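Heads up: the structure comes next, in structure tokens.
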Amino acid sequence: MINCSVCSKKDIKWNRFVCLLCFNYNLCLKCYVDKESDMWHRPYHPMQRVLSEADFFKFRNGVVGPDICLDCPFCGRLSLSIADYLQHCEQKHGDENFTTRCSVCAAFGKPEARSMQFAYENHLAKHREPSKVLNCSTCEKSAFPGNRYTCLLCPEYTQCEECYQAKRQNFQHVSYHPMQEILPKEKYATRTSSTVNIFRCPFCGDGGFSANGLTNHCHKLHEDTGKRSLLSTVYCPICTVCQIINNQSLQAYSLLKEPLLDHLKIFHGLLPGAEDPQLEPTNCTICLLKLDAVPTKKYCRCSHNSFHDQCIRIWLARVPTCPICRAHRAG
């Protein structure tokens with residue numbers, strides 16, 4: 001638990017200010033505005049604002065990352081972006097030798113201790129990890145234009161649109177694996193993923209979900225699936241899209257070691273229950289003809305009903321599972 005060092009206000013994890021020079025010195029918003037200090041801290045010490053809880057998860061869920069304002073711990077220069085901050089410290093303060101904290105870690109509330117300058121450049125290098133050029137895993141084309149498709153089960157398996165449409169694959173990928181579509185960066189007009197329906201479920205392959213919709217879907221249909229050790233080793237669709245759109249290496253994230261629902265809650269701040277508007281189906285999933293009315297009878301142990309009564313009866317007579325999510329037949 002983090003407390004204010006002046007007024008002792010408890011649990012100020014978010015939206016606080018941390019000193020980049022003093023050890024474990026934190027101020028709440030009120031004390032910072034009032035310019036409070038103690039016998040160790042001085043008003044001229046550089047203070048880094050920690051993101052609010054809303055901004056933190058907005059950054060986590062951002063299709064196009066929001067701007068982060070960082071302060072230089074050496075000269076106090078304000079409102080630098082992450083890229084400008086790294087360049088500024090490298091060019092202007094490469095020979096500084098006093099103890100300080102990393103502004104990037106401070107902004108995101110990471111508990112890393114202060115480090116001496118000889119290790120500071122090595123620490124900053126972690127934030128400057130060079131992006132990896134993603135080649136098509138089948139035709140090996142590099143820096144291809146248009147959409148790309150990434151498998152949510154296979155490690156670092158990416159396809160260009162041409163190979164995806166032609167259904168090409170290599171030995172490590174299986175054709176029924178769910179593929180997350182990733183549009184070119186300029187196609188994402190919104191900054192957050194909460195209002196765009198772009199995500200695909202890594203368990204059943206259903207698509208067209210927003211971040212909240214994906215959470216609700218997995219909670220409703222795949223809560224038990226995500227707890228099984230083998231089936232929980234999937235890529236997070238939100239991390240996949242955000243990392244690749246922002247030109248970060250696929251090594252920046254990996255197959256999840258925890259259930260997807262736990263990851264969505266802890267890492268993205270997404271909880272089941274938030275309403276997500278979904279378009280009503282207009283075509284039968286099985287015969288693809290126009291759907292006049294959805295069936296009133298529940299045929300499978302799931303919520304899918306975008307098919308004709310006759311179509312689903314014929315389907316279940318041959319395959320006793322839902323044609324969408326493979327849930328077992330009801331009864």
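The values are calculated or read from the model by the stated rules, or taken from the named source; none is laboratory data. Source: prediction; values computed, not measured. Don't worry about glycine lacking a Cβ; one is built from the backbone with ideal geometry, like all the others, and counts go over all protein chains shown. Protein only, heavy atoms only, side chains kept; ligands, DNA and RNA dropped before computing areas. Shrake-Rupley method; radii C 1.70, N 1.55, O 1.52, S 1.80 Å.
Summary of values
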read-out: Odd one out for F59 among (1) under 19 Å from H127 (Cα atoms); (2) in a loop (DSSP other than H, G, I, E, B); (3) among the hydrophobic types (A, V, I, L, M, F, W, C); value: (2)
read-out: Condition check for G273: surrounded by fewer than 17 Cβ atoms within 10 Å (Cβ to Cβ), within 25 Å of D224 (Cβ to Cβ), at pLDDT 70 or above and not hydrophobic (A, V, I, L, M, F, W, C); value: yes
read-out: Meets criteria (open to solvent by less than 80 Å² (accessible area, probe 1.4 Å) and under 17 Å from K110 (Cβ atoms)) for F74; value: no
read-out: Single unsatisfied condition, N170 versus (1) within 26 Å of I82 (Cβ to Cβ); (2) modelled with pLDDT under 85; (3) part of a loop (DSSP other than H, G, I, E, B); value: (1)
read-out: Unique residue being under 23 Å from the mean Cα position of the chain (by Cα) and part of a loop (DSSP other than H, G, I, E, B) when the list is C139, C154; value: C154
read-out: Selection within segment 94-112 - open to solvent by less than 80 Å² (accessible area, probe 1.4 Å) and either of a type in the set (G, A, S) or modelled with pLDDT under 80 (or both); value: G94, E96, F98, T99, S103, A106, A107, G109, E112
read-out: Y176 being at pLDDT 80 or above, part of a loop (DSSP other than H, G, I, E, B), of a type outside the set (D, E) and in the same structural domain as T240 (by the TED database); value: yes
read-out: Any hit, segment 9-26, residues being of a type in the set (A, V, I, L, M, F, W, C), open to solvent by less than 70 Å² (accessible area, probe 1.4 Å) and more than 16 Å from A106 (Cα to Cα); value: no
read-out: Test result for E181, among the acidic types (D, E) and at pLDDT 80 or above; value: yes
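Residues checked against (1) assigned to a helix (DSSP H, G or I); (2) at pLDDT 80 or above; (3) assigned by the TED database to the domain that holds I198:
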| position | (1), (2), (3) |
| --- | --- |
| I244 | yes, no, yes |
| N247 | no, no, yes |
| L264 | yes, yes, yes |
| A293 | no, no, no |
| S303 | no, no, no |
| C311 | yes, yes, no |
| I314 | yes, yes, no |
| I324 | no, no, no |
